[in-house]
Amino acid sequence: TTQDGSCGNSRWSVEVKDAQIASVSPNTANIRALGLIESDGVVSMTLRAGTNYAHVGGDVKGRSGKGTWSAPTLLCGGVWHAQKMK
């Protein structure tokens, strides 16, 4: 959810394999996702699409997660919430 700036809200699925961010979908903007979820649930991820990028941080505990994101190149930021699908 965008809280600062004029970026639109989005919804993605993020696949995690062996604690590493493996993919983001849908991926119509050719987003590259890099990052991990540490053993204590701390999320650290960067999303890149062309020259734009967003930093994502937060926590995953049990079947849900939450945190913040900022996209300096787009001058916006906000919060995220997640639910584990599997």
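The values are calculated or read from the model by the stated rules, or taken from the named source; none is laboratory data. Everything numeric here is computed off the predicted structure, so don't read it as measured data. FYI the Cβ positions are ideal-geometry reconstructions off the backbone, even for glycines, and counts take in every protein chain you see. Side chains included, ligands, DNA and RNA excluded: accessible areas come from the protein's heavy atoms. Shrake-Rupley method; radii C 1.70, N 1.55, O 1.52, S 1.80 Å.
Remarks
- Solvent-accessible surface ranking, highest first, for Trp69, Trp12 at 1.4 angstrom: Trp12, Trp69
- For segment 9-57, the relative contact order comes to 24 percent (Cα pairs under 8 Å, sequence separation of at least 6).
- Take the chain with all the other protein chains still there, run a 1.4 Å probe, and you get 70 Å² of accessible area per residue.
- Ranking Met85, Val56, Gln20 by Cα position along the charge dipole of the chain, where only Lys, Arg, Asp and Glu carry charges on their C-beta atoms, puts Met85 farthest toward the positive end.
- Note, ³J(HN,Hα) from phi for segment 3-19, Karplus 6.51, -1.76, 1.60, rounded to Hz, x at Gly and Pro: 10, 10, x, 10, 5, x, 7, 9, 9, 9, 9, 10, 8, 10, 10, 6, 6
- Under-5 Å amide H pairs with Ser23, H placed in peptide plane, nonlocal only: Glu15
- Carbon and sulfur %, accessible surface of the chain computed with the full protein complex present, 1.4 Å: 52 percent
- Computed over the chain, the Cα gyration tensor eigenvalues convert (square root of 5λ each) into semi-axes of 20, 15, 12 Å, ordered from largest to smallest.
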